1. Grab the helices (runs of 4 or more DSSP H) fully contained in the stretch 444-511, keeping just those with 3 or more residues being in contact (Cβ under 8 Å) with a residue 40 or more places away in the chain.
2. What are the residues in the stretch 558-573 that are surrounded by fewer than 20 Cβ atoms within 10 Å (Cβ to Cβ) and modelled with pLDDT under 90, if any?
3. Inspect the stretch 206-219 for any residue being within 30 Å of Leu300 (Cα to Cα) and either in contact with an Asp or Glu (Cβ under 6 Å, 6 or more places away or on another chain) or modelled with pLDDT under 70 (or both) and give the result as yes or no.
4. Any chance you could count how many residues in the stretch 260-285 are among the aromatic types (Phe, Trp, Tyr) and without any contact (Cβ under 8 Å) to a residue 60 or more places away in the chain?
5. I'd like to check something: does the stretch 388-407 contain any residue that is under 21 Å from Ala555 (Cα atoms), among the hydrophobic types (A, V, I, L, M, F, W, C), surrounded by fewer than 17 Cβ atoms within 10 Å (Cβ to Cβ) and assigned by TED's automatic domain parsing to the domain that holds Leu590?
6. Quick check on the stretch 409-428. Is at least one of its residues of a type in the set (A, V, I, L, M) and at pLDDT below 85?
7. May I ask you to verify whether Ile155 is farther than 30 Å from Tyr370 by Cβ, surrounded by 18 or more Cβ atoms within 10 Å (Cβ to Cβ), modelled with pLDDT of 75 or more and in the same structural domain as Phe52 (by TED's automatic domain parsing)?
8. How many of the residues making up the stretch 242-259 are among the β-branched types (Val, Ile, Thr) and closer than 22 Å to Gln325 by Cα?
Amino acid sequence: MEYKPYCWRSLQHPVSRRHIINTRHRKALKLVIDFISPYRRAVAGALVALIFTAGITLGLGQGLRILVDQGLATESPENLARAIGLFFILVLGLAFGSFARFYLVSWIGERVVADIRKKVFNHLIDLHPGFFEQNRALEIQSRFTADTTVLQSVIGSTVSIALRNALMLVGGLLLLFITNAKLASIILLGFPLVIAPILFFGRRVRALSRLSQDRVADVGSYVGENLTQIKTVQAFNHQPHDRRYFSEVSERAFDIARQRIRQRAWLTTLAISLVMGAVGIVIWIGGLDVINGRISPGELAAFVFYSLLVGVAAGAISEVIGELQRAAGSAARLFELLQTEPAFERKDTTLELPEHIQGAIKIDRLSFSYPGRSEQPALTDLTLEVKAGETLALVGPSGAGKSTLFDLLLHFYQPTEGSILIDGMDTAELSLDALRRCFSLVPQNPALFHGTVADNIRYARPDASQQDVEQAAKIAHAHDFIQALPKGYETRLGDAGLGLSGGQKQRLAIARALLADAPILLLDEATSALDAESENLIQQAMPALTAERTTLVIAHRLATVRDADRIAVLDEGRLLAVGSHDDLMRHNALYQRLAKLQFRDNAA
């Protein structure tokens, strides 16, 4: 299934757009709850601490009432001391309760986000490569890092603040009525004026938060892309253009953020102004009641305290609503990643590979078209047999289907028609793990990872000993240059093997393939891009690499073609001919033309 971050056509209609966004947010909320639910005990402890601290804070108002009426008004040092003692007991309880609340809530936030990161990563790493060809990896990376960080902040802090202030708001309103129902009614009359702007601006903040996160992701993607390809950027003096474009991207992100901030600022300003305005009116009316003797000074002090508590709680809730909306956007973006389904489903199977694989390959009437390009088949009705231990070279012009065949052998894509058999077993019936253990891949552009040289060679077999690693490197003619590195096999490589030559990277890839010791080798030969010395060393390593293995080679060099047992000629996804170099030179016009173009000197 093709992954699309947004369904633009359905979002054009406002009602449809709102329905889809609300549906996503509900699903995202359920996702977050599912991740929190395993930690019910910690959540229960945090809620107890939260209620305890909120209760003590609300109790401070009654303490203030006692302090004024029984301590200050009576002018008794003993009563004052008792009131101050009660105050300190409440403060100590508040401090310990706040410690428990902060620790448990922060722990839950870190734990849940760690679980979400693992879940998202485990899902992404199993998705078919086509997903990453259709979606920018750096944008996905931004979701994986930035959005989970937002969730961590919200779960580990903002939700606690929101709940605490919600308790304060409700508890404060109840105590306002208990303290003085007349004054509390005045406060309550102004409450709808506070809720209305929160709902109005909250909806705007939610939409802008999602848009803001997308623009931030664009910024991160552009930076990562340019820094990864920094040599190309500088070689073509592209920096002025990149500076201008990055400035435009950054300004777009800033403009969206500014709109979001403005909405949140209006939301907070209106909420605080309305609530505190109501408190001011209450103080004026309550002050008149104290002057006329209808209420005591302590009662007014407690009422003002609760009024301020309600006002501050309402203001805090209006602020955190923006963060909660932002978190809803982050959760929705992560939910989209987790909901991305594989392009094809594999049947559950109990079929097991035998311990020893011969490596015979049978390709039967294989056809395939890339998603969205059904009118241009990449392979059409391809039938081919490769004997166990045989070396078969694949030649043909660009777009002939050579790399596509490798992708289908590894089941990166599902064939439209036909089947691939290994030792007579249909690979569609095998688990991906079992299937891919049959293959070693040496790509044209070797993939090296940030880590030590030994880690990169050991990538195929993480449990391999150092002796096995060095033996593979020696056979691949990589041992000498590795020993010359500052820390030998423990030398850490830059990203993508930065600092190594093309020939050195290729020899490390060959050592990795040797260590994997798989029965079938897929070799996308890269020697055409190497200097003569590196090519010679790699050619010397080839016999050891291909010995007793079934080998399929995408060939670019005549030496590779002539060393192969047979050569298969492909064009526009069709198999034209199979034979030896001499046979094809006599009978196949395309091969003759390729030989003249690619192998001009040797063919002559």
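1. On the way: elements: 453-457, 466-475, 479-483.
Correct list: 453-457, 466-475.
2. Applying the first criterion (surrounded by fewer than 20 Cβ atoms within 10 Å (Cβ to Cβ)) to the stretch 558-573 yields 558-559, 562-563, 565-566, 571-572.
Those that are surrounded by fewer than 20 Cβ atoms within 10 Å (Cβ to Cβ) and modelled with pLDDT under 90: Leu558, Ala559, Arg562, Asp563, Asp565, Asp571, Glu572.
3. Our first condition is that a residue be within 30 Å of Leu300 (Cα to Cα); within the stretch 206-219, this holds for none.
Looking for residues that are within 30 Å of Leu300 (Cα to Cα) and either in contact with an Asp or Glu (Cβ under 6 Å, 6 or more places away or on another chain) or modelled with pLDDT under 70 (or both), one finds none in the stretch 206-219, hence no.
4. In the first step, residues of the stretch 260-285 are kept if they are among the aromatic types (Phe, Trp, Tyr); the result is 266, 284.
Then drop every residue that is not without any contact (Cβ under 8 Å) to a residue 60 or more places away in the chain, which leaves 284.
Matching residues across the stretch 260-285 total 1.
5. yes
6. From the stretch 409-428, those of a type in the set (A, V, I, L, M) are 409-410, 420-422, 425, 428; that's our starting set.
Among the residues that remain, those that are also at pLDDT below 85 are: 428.
Yes, some residue in the stretch 409-428 is of a type in the set (A, V, I, L, M) and at pLDDT below 85.
7. Values: farther than 30 Å from Tyr370 by Cβ: yes; surrounded by 18 or more Cβ atoms within 10 Å (Cβ to Cβ): yes; modelled with pLDDT of 75 or more: yes; in the same structural domain as Phe52 (by TED's automatic domain parsing): yes.
Against the criterion (farther than 30 Å from Tyr370 by Cβ, surrounded by 18 or more Cβ atoms within 10 Å (Cβ to Cβ), modelled with pLDDT of 75 or more and in the same structural domain as Phe52 (by TED's automatic domain parsing)), Ile155 qualifies.
8. Step one: filter the stretch 242-259 for residues among the β-branched types (Val, Ile, Thr), giving 249, 256.
From what's left, closer than 22 Å to Gln325 by Cα: 256.
Qualifying residue count, the stretch 242-259: 1.
The values are calculated or read from the model by the stated rules, or taken from the named source; none is laboratory data. Everything numeric in this text was worked out from a predicted model, so none of it was measured. All Cβ positions, even for glycine, are placed from backbone atoms using ideal geometry, and neighbour counts span all protein chains on display.
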